[in-house]
1. Which condition number in (1) touching a Lys or Arg at 6+ places or on another chain (Cβ under 7 Å); (2) surrounded by fewer than 18 Cβ atoms within 10 Å (Cβ to Cβ) is the one that Gly308 fails?
2. May I ask you to list the residues in the stretch 168-180 that are more than 21 Å from Phe121 (Cα to Cα) and not in a helix (DSSP H, G or I)?
3. Given (1) surrounded by fewer than 21 Cβ atoms within 10 Å (Cβ to Cβ); (2) within 16 Å of the ligand (Cβ to nearest atom), identify the lone condition not met by Phe70.
4. Across the stretch 204-245, what is the number of residues that are touching a strand residue (DSSP E or B) at 6+ places or on another chain (Cβ under 7 Å), open to solvent by less than 10 Å² (accessible area, probe 1.4 Å) and either assigned to a loop (DSSP other than H, G, I, E, B) or at pLDDT below 95 (or both)?
5. Please work out which one of (1) in contact (Cβ under 8 Å) with a residue 40 or more places away in the chain; (2) away from the ligand (no atom under 12 Å from the Cβ) is the condition Gln230 fails and give its number.
6. Going by the structure shown, is Phe333 open to solvent by 50 Å² or more (accessible area, probe 1.4 Å), in the same structural domain as Thr346 (by TED's automatic domain parsing) and at pLDDT 95 or above?
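The values are calculated or read from the model by the stated rules, or taken from the named source; none is laboratory data. Predicted model, so just to flag it, every value in this text is computed and none were measured. As a convention, Cβ positions derive from the backbone with ideal geometry for all residues, glycine included, and neighbour counts pool all protein chains shown. All accessible areas refer to the heavy atoms of the entire protein, side chains included, with ligands and DNA or RNA removed. Shrake-Rupley method; radii C 1.70, N 1.55, O 1.52, S 1.80 Å.
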Amino acid sequence: MSQQTDHEYELATLAIRTGHSRSFEGEHSEPVFLTSSFVYENAEEAAAKFSGNTPGNIYSRFTNPTVSVFEKRLAALDGAERAVATSSGMGAILAVVLAFLKTGDHVVCSRDMFGSSVSLFDKYVRKFGIDIDFVNLVDLDAWKQAIQPERTKLLFLESPSNPLSAIADISALAELAHANGALLVVDNSFCTPALQRPLTLGADLAVYSATKYIDGQGRALGGAVVGSHQLLEEVFGVVRTLGPSLSPFNAWIFLKGLETLKIRMKAHCENAQKLAEWLEQHPNVNKVYYAGLPQHQGYELAKAQQTGFGGIVAFEVKGERTGAWKVIDSTQFISITGNLGDVKSTITHPATTTHGKLSPEAKAEAGITEGLIRLSVGLEDIDDIIADLKRGLDQL
Ligand SMILES: *Cc1c(COP(=O)(O)O)cnc(C)c1O
């Protein structure tokens with residue numbers, strides 16, 4: 001499917017078929033090219049490749065055939081012209097920063113972001129004389145107020161947010177960014193293109209931690225940026241020169257992940273929905289945060305922007321920290337870890353782990369209470385997941 005076709009394929013087909021041209025060996029599964037460099041027939045061919053006049057592989061920091069298959073496949077799923085793979089999700093965000101920002105620029109970010117993303121902007125990007133404002137993801141007026149004409153170059157957000165599943169109006173924010181000559185960048189790690197395609201909603205770039213749902217089985221670190229040829233050429237320049245390139249072996253793992261992405265995401269959504277509805281009626285649960293519940297802030301928006309509500313459920317239990325820790329420690333198979341997006345369900349106490357470094361005020365503002373638990377709902381049988389949580393919950 002590297003040639004032009006007369007038919008638009010659906011996501012599940014693209015996820016399995018895009019990007020691989022069989023080599024002379026006739027292999028069926030995509031090969032892993034574990035090679036750092038590439039060789040040439042003669043000096044003239046080497047010169048042509050190095051000059052950029054003839055396309056072709058030179059060195060795996062620049063391009064690698066296995067990484068390229070992953071990039072083509074992910075771009076197709078996102079309806080994007082191009083993707084550039086990176087060594088991690090953080091590497092993807094850093095590549096965007098280095099490609100599009102310079103001293104004196106200004107960035108507006110959503111406040112409820114992955115902890116390392118907040119640090120990347122707040123601690124490291126600032127060091128280079130770039131100003132950052134953090135705003136409430138769902139408060140469109142706050143975004144408008146924060147924009148500095150001529151200076152604001154980037155709007156950056158995650159939707160759904162972590163851990164409370166707040167939903168941003170991506171189209172409205174894209175309009176706002178473009179009216180001010182800025183780019184809108186969406187971290188789409190939670191949804192993946194199987195549930196949300198930010199570019200079709202108006203975003204300029206989507207970034208991914210492929211470590212999460214794209215792998216889906218907790219094996220490898222990686223990331224990607226997707227967007228137009230024009231923007232991605234800048235990102236590619238950063239990655240090939242500064243070095244946060246994806247390992248071909250990890251690219252191959254993600255290729256296998258993409259092949260099952262659609263059915264996995266559907267199953268994650270189904271399990272999360274059942275769990276959220278079960279938690280809602282439990283007497284020892286104060287509140288459930290899942291965009292698939294009709295009373296959730298983002299229910300209508302998520303229905304319009306996403307094709308599923310995702311696999312992350314947060315809930316607040318009675319008894320503050322003692323109660324939350326009791327529920328967590330009473331599980332038998334759910335993994336106690338900050339990671340997410342795995343077929344294995346994982347559970348964490350945000351106030352003392354993923355969001356532990358936030359000040360008490362920042363925690364309060366972000367809604368991270370002591371009784372809050374975040375669950376990345378895996379693909380174990382939902383009745384077993386419920387039973388694993390019920391054990392602790394019933395005792396509060
Ligand atoms: C994990 C995560 C990242 C960082 O990705 P790594 O692959 O761990 O570098 C960025 N954004 C979100 C939303 C994440 O969940």
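1. (2)
2. The one that is more than 21 Å from Phe121 (Cα to Cα) and not in a helix (DSSP H, G or I): Asp169.
3. (1)
4. Qualifying residue count for the region: 3.
5. Going through (1) in contact (Cβ under 8 Å) with a residue 40 or more places away in the chain; (2) away from the ligand (no atom under 12 Å from the Cβ) one by one, Gln230 breaks only (1).
6. Working: open to solvent by 50 Å² or more (accessible area, probe 1.4 Å): yes; in the same structural domain as Thr346 (by TED's automatic domain parsing): yes; at pLDDT 95 or above: yes.
Yes, satisfied.
Rundown of residues vs (1) modelled with pLDDT of 95 or more; (2) outside the structural domain of Asn188 (by TED's automatic domain parsing); (3) open to solvent by less than 10 Å² (accessible area, probe 1.4 Å), yes/no style:
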{"position": "Tyr290", "(1), (2), (3)": "yes, yes, yes"}
{"position": "Lys303", "(1), (2), (3)": "yes, yes, no"}
{"position": "Lys318", "(1), (2), (3)": "yes, yes, no"}
{"position": "Gly356", "(1), (2), (3)": "no, yes, no"}
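Yes/no per residue for (1) modelled with pLDDT under 95; (2) more than 21 Å from the chain's Cα centre (by Cα); (3) open to solvent by 10 Å² or more (accessible area, probe 1.4 Å):
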| residue | (1), (2), (3) |
| --- | --- |
| Leu74 | no, no, no |
| Gly79 | no, no, yes |
| Met90 | no, no, yes |
| Val96 | no, no, no |
| Gly115 | yes, no, yes |
| Phe134 | no, no, yes |
| Asp139 | no, yes, yes |
| Gln145 | no, yes, yes |
